[in-house]
Amino acid sequence: DTFAADEKIYRWKMQRYTGTESQKIFRNFAKDVKEASNGRLRITTFGGGELVPNDQLLKATGSGVLQMSYGYGAYWSGSVDLARIESGLPLAWTTLDEAKDLWFNKGMNNLLVEAYGEHGVRYMSPSFGGDYDLLSKEPIESLDHMKKIKIRATSNVAVILEKFDVPTVYLPPEEFYTSMSTNSISGIIYGSAYDYEQLKLQETAKHYTKLSLLTPGFVDNILVNQEAWDELPKDLQEILDTSVKKLAEDHHNWLIDGAKKTLSDNVFEVHTLQTSDVTKLTDAAQDLWNEEAKRSVRNEAAINMIKDLAGSNGRLK
Amino acid sequence: MIDMDPLLVTAIMFGSMLFLMIIGTPLAWALLIVGTGSAINLWGWDSLDMVVISTFGVMNTFILVALPMFIFMGLVLQRSGITDDLFGMVYKVMGGVKGGLGAGTILICAVIAAMAGVTAAATVSLGLIALPAMLKRGYDKRLVTGAIMAGGALGFLIPPSITMILYAFLTRESIGKLFAAGVMPGLMLAAIYIIYILVVCRVKPSLGPAIAEEERVDWRGKIASLRSLILPGIIITTVLVFTMKGVTSPTEASVIGAVGAVLSAAVNRTLSLQVLRGALQETARIMGMLMWIMIGAVIFSKIYIGLGAGQIIAESIIDGDLSPNLVLLMIILTYFLLGMFLDDSAILFITVPLFVPIINELGYDPVWFGIVFILAMQTAYLTPPFGYNLFYMRSVAPPEIRTVDIYHSVTPFILLQMVGLALVVFFPQIALWLPQVLFN
Amino acid sequence: MTWMKILLQRQLELGDRFGRLISWVNLLIIAVLLYEVCMRYLFSAPTNWAHEMSTMLFGGYCLAAGVYTQAYDKHVKIDVIYHLFGERSRAFLDVISGLFILAGFAFLFMISYQYALDSWILSEVSSKSSWRPILFPIKAVIPLTVFLLILNQLIYFLRDVMIALRMIDREGEILHD
Ligand code: NA
Ligand code: NA
């Protein structure tokens, strides 16, 4: 049978870091791939934490436990030099167009392909996220006010806030609801209004403050195990490439539409951080950029791209 | 990778587990062996990293820190004689009633359940505290072990509850509503257990004898004996208040409990280096056992989930084109069967993403279904061969309680849990009343 | 006394000493979290390291405690059917178990060794909090623990083979027929 090689069925496991809320998008992606490949490439998708803890997604994809993953670089910024920049440094980009420009014209994508290549995975595509703002129990419009409350934040943002003596703690998303409802923390920086509504946090806090720190507020990635990729015939590689791009697009639109709806439904009361504070944060952010640049030659190249971008858009003096 | 019928995979994995358990392989290693073996056979060598990733995952889970804390607390209270005084008190007050000490134990279980989010807390600490106290007073070993294991499982249902937090996170339901929905069914089950214990002891007094006529004390003596309630009462109140006021997270509250136990022992003038050292060492031995069982269970479960077998079994129910009530019945039956072999988080991950949309479509309330799920998982903690509470009990029970006794002792309580489950299924208001009052 | 008996006694002694030592880590965890609660609640100055530190202490402590449990032969068995067999048949079953267990440990040792080594080579740091501690030490606990588990298990395996061959009894004494 001369067609045997082409008829081979590839069965892949893919895990995302998000829960059931995004299940439909990933099921559709698997369906697209299966149909386009006539059933030769079949991807079973798993939700956050189902097979491996989310912070182990890169490790699992690199070693072949998973063939594919949808993850967030900040989870492994301790082992991939570029990951913290990739997932979003404060004020590195302020619009979707800027982010796309950085990735595909300035060369961020190539740097990421190189960085992830060292971990046995192929960097397929970024997946641009939505907003990244503060949810709090009391209305907050200034950094001084933030100093008086305890805020949950991940390390990128925490480092900047600590410069302004704003106390931060790290908690996993599973603990948000109980910590907020018992007042053990009174603010969270995690995502968009839509993310907060999904977690039913409107039952614990009403105030949503736009920080204007970063838009898109986070950038996810779609990774494939390099050996699994090399095994695929050319046509399946092309099919996967196309479907991955569509997945990233669908995921982004889903987040943006959801956030719009949550805000127009008035689930939260919206506030903005005062302009003088945004300026202070911008200055502090540049210190953070420079610290990141020192981590490796590759990081320095990436930060130069970001400075170049900000300069050409008039954001940098 | 080999393509295999999911039912065959299920049979092989569960079958080899049973085989190893029968030949006396320690449970933790049996889970590790079957998990590793299945991964190699079905996914190839590359997938072996799964085993170490899972191991590190369990080590790296903050909420589990509560486990050694609660165990240490239980041991310090026991070794310093505080809990023996407490049970002596319960015995004096309720001693005239046959089975009164058993009923008191269930109440204490409910209180510990309200302090801790994990079932191990109540099961292990009461296994250390209540078990010897009741055996000493002539209670039947099977009644006592069964009551403690069933009472310990209330830790799931009475908030806070780790399993509810995971369920809520996966389904995007409100944790607050789930917590509220668990309170009434939890109290109801506690009441059912108490009634059962009082009834069987009345029918057959040798199971839980009343105090001898001449040893009974008058009301003056009863009130005086309430003194032994003070120290444990202060610990429990502090932990609850700290958690509810947000001074500490539930996990941190377990540390407050541990410190409270040491301080109580000091106040009681029974704290010594020997007590402290003994409690620390026993905590380490128990945790060494629990930790590796958890690691083994995670490895086994994750690999089973990854094979997609559970998913296919669950999907076959959905595709069966059954009436809503029959679907519900099938779901509950599935939970019972899976519960015999898998741990609760595995069942959660396998079934909840599939079942909850169906439940919504059929018009059932997802918060109510969450409680049905938790009730089913409580049963899973008690059903052989794989039931966490059975292992917790085995690890703390004295040798004269044989494994057979432990397995036998749960039977009536599993039946009682089914009664409780049926009540919640037929009268959803038992679960839904409190959240409706609090949130609307 | 037979050499096996001496070996078994030494093993219990060393396992016991090891266990007593690590059992104090529990107090360290208590101290760390108590400090965090005080700093956060009383001084509104939460640390960025206490939660991760306590989790790491917990993970390393409980994993290594498995060796202590094993030295006391306290890992839970479902012995309902196992106990129906006689001494020698049980030893046979233990030999079969032992082979499986040693194979399982060997795999776990190999991959966890590589896992820790990778972390060392990458100088991997944690990404959870802004504390960013080195992860190698905690990951290295896995192969170290498994190594000790293997040593213990080898001794048990040898003992079980000798019991099955009717050379000694369970305590390591020479069997007199
Ligand atoms: Na509870
Ligand atoms: Na079970």
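The values are calculated or read from the model by the stated rules, or taken from the named source; none is laboratory data. These numbers come from a predicted model, not from an experiment. Please note: Cβ atoms are built from the backbone with ideal geometry, for glycine as well, and neighbour counts cover all protein chains shown.
For segment B:132-164, filtered to residues that are buried (at least 24 other Cβ atoms within 10 Å of the Cβ), away from every other protein chain (no Cβ under 11 Å) and in a loop (DSSP other than H, G, I, E, B), the residue that is nearest to ligand 2 (Cβ to nearest atom) is B:LEU157.
Filtered by the rule that a residue be within 21 Å of the chain's Cα centre (by Cα) and part of a helix (DSSP H, G or I), segment A:180-212 gives A:ALA193, A:TYR194, A:ASP195, A:TYR196, A:GLU197, A:GLN198, A:LEU201.
Once segment B:387-413 is narrowed to residues that are among the hydrophobic types (A, V, I, L, M, F, W, C) and under 23 Å from B:ILE347 (Cβ atoms), the residue that is farthest from the other protein chains (Cβ to nearest Cβ) is B:PHE413. No other residue among B:ALA431, B:ALA376 is in contact (Cβ under 8 Å) with a residue 40 or more places away in the chain, within 16 Å of ligand 1 (Cβ to nearest atom), assigned to a helix (DSSP H, G or I) and more than 14 Å from chain A (Cβ to nearest Cβ) apart from B:ALA431. State whether one or more residues within segment B:91-99 are crowded, with 24+ Cβ neighbours inside 10 Å, under 30 Å from B:GLU252 (Cα atoms), more than 14 Å from every other protein chain (Cβ to nearest Cβ) and more than 16 Å from ligand 1 (Cβ to nearest atom). No, every residue in segment B:91-99 fails to be crowded, with 24+ Cβ neighbours inside 10 Å, under 30 Å from B:GLU252 (Cα atoms), more than 14 Å from every other protein chain (Cβ to nearest Cβ) and more than 16 Å from ligand 1 (Cβ to nearest atom).
One residue stands out in segment B:290-312 among those that are out of contact with any strand residue (DSSP E or B) (no Cβ under 9 Å at 6 or more places or on another chain), more than 14 Å from chain C (Cβ to nearest Cβ) and of a type in the set (A, V, I, L, M, F, W, C): the one that is farthest from B:ALA66 (Cα to Cα), namely B:ILE312.
Note on segment C:1-95: enclosed helices (runs of 4 or more DSSP H) holding 1 or more residues that are closer than 28 Å to B:ASP405 by Cα and in contact with a helix residue (DSSP H, G or I) (Cβ under 9 Å, 6 or more places away or on another chain) are C:50-71. Scanning segment B:165-201 for residues that are crowded, with 24+ Cβ neighbours inside 10 Å, aliphatic (A, V, I, L, M) and within 16 Å of ligand 1 (Cβ to nearest atom) yields B:ALA168, B:ILE175, B:LEU178, B:ALA181, B:LEU189. The residues on offer are B:ILE230, B:ILE223, B:ILE235, B:ILE197, and the sole one that is in a helix (DSSP H, G or I), touching a Ser or Thr at 6+ places or on another chain (Cβ under 7 Å) and under 21 Å from B:MET89 (Cα atoms) is B:ILE235. If you go through segment B:343-360 one residue at a time, do you hit one that is within 30 Å of A:GLU50 (Cβ to Cβ), in a loop (DSSP other than H, G, I, E, B) and at pLDDT below 95? Within segment B:343-360, one or more residues are within 30 Å of A:GLU50 (Cβ to Cβ), in a loop (DSSP other than H, G, I, E, B) and at pLDDT below 95. Of the candidates B:VAL65, B:VAL9, B:VAL52, the single residue that is farther than 23 Å from B:ARG285 by Cβ and at the interface with chain C (Cβ under 7 Å from one of its Cβ atoms) is B:VAL52.
The helices (runs of 4 or more DSSP H) falling completely within segment B:1-102 that include 1 or more residues that are on the phi < 0 side of the Ramachandran plot and in contact with an Asp or Glu (Cβ under 8 Å, 6 or more places away or on another chain) map to B:66-79.
Could you pull out the residue among B:MET134, B:MET115 that is within 15 Å of ligand 1 (Cβ to nearest atom) and touching a residue at least 40 places away in the same chain (Cβ under 8 Å)? None of the other options fit; the residue is B:MET115.
Among the residues of segment A:246-300, those that are small (Gly, Ala, Ser), crowded, with 16+ Cβ neighbours inside 10 Å and in contact (Cβ under 8 Å) with a residue 12 or more places away in the chain comprise A:ALA248, A:GLY258, A:ALA259, A:ALA284, A:ALA285. If the condition is being of a type outside the set (Ser, Thr, Tyr), part of a loop (DSSP other than H, G, I, E, B) and more than 16 Å from A:LYS307 (Cβ to Cβ), then segment A:68-94 contributes A:GLY78, A:VAL80, A:ASP81. Going by the conditions given, is C:SER54 within 28 Å of A:VAL166 (Cβ to Cβ) and more than 9 Å from chain B (Cβ to nearest Cβ)? No. Comparison of B:LEU75, B:LEU126, B:LEU107 shows that the only residue that is surrounded by 23 or more Cβ atoms within 10 Å (Cβ to Cβ), within 20 Å of the chain's Cα centre (by Cα), among the aliphatic types (A, V, I, L, M) and away from chain C (no Cβ under 14 Å) is B:LEU126. Can you tell me which residues in segment B:341-371 are of a type in the set (Asp, Glu), closer than 28 Å to B:MET13 by Cα and either free of Cβ contacts under 8 Å to residues at least 12 places away in the same chain or away from ligand 1 (no atom under 16 Å from the Cβ) (or both)? Listed by number, the list holds a single entry, B:ASP343. Residues that are closer than 27 Å to A:GLN56 by Cα and assigned to a loop (DSSP other than H, G, I, E, B) within segment A:108-148 comprise A:GLU118, A:HIS119, A:GLY120, A:GLY129, A:GLY130, A:ASP131, A:TYR132, listed in sequence order. Close contacts from segment B:319-331, counting a first residue that is loosely packed, with under 14 Cβ neighbours inside 10 Å and a second that is assigned to a helix (DSSP H, G or I) and among the basic types (Lys, Arg), with Cβ to Cβ under 9 Å and a gap of 6+ residues or different chains, come to none at all.
The conditions of being more than 9 Å from chain C (Cβ to nearest Cβ), at pLDDT 90 or above, within 30 Å of C:GLY59 (Cβ to Cβ) and buried (at least 24 other Cβ atoms within 10 Å of the Cβ) are not met by B:GLY278.
Here B:GLY24 fulfils each of the conditions (1) crowded, with 24+ Cβ neighbours inside 10 Å; (2) at pLDDT 90 or above; (3) farther than 25 Å from B:THR163 by Cβ apart from (1). Only a single criterion out of (1) without any contact (Cβ under 8 Å) to a residue 12 or more places away in the chain; (2) under 21 Å from A:THR282 (Cα atoms) is not satisfied by A:ASP131, namely (1). All conditions in (1) touching a strand residue (DSSP E or B) at 6+ places or on another chain (Cβ under 6 Å); (2) within 25 Å of A:ASP283 (Cβ to Cβ) hold for A:ALA92, with the sole exception of (1). Touching a helix residue (DSSP H, G or I) at 6+ places or on another chain (Cβ under 9 Å) and either surrounded by fewer than 23 Cβ atoms within 10 Å (Cβ to Cβ) or under 30 Å from B:ARG285 (Cβ atoms) (or both): does that describe B:LEU375? In short, no.
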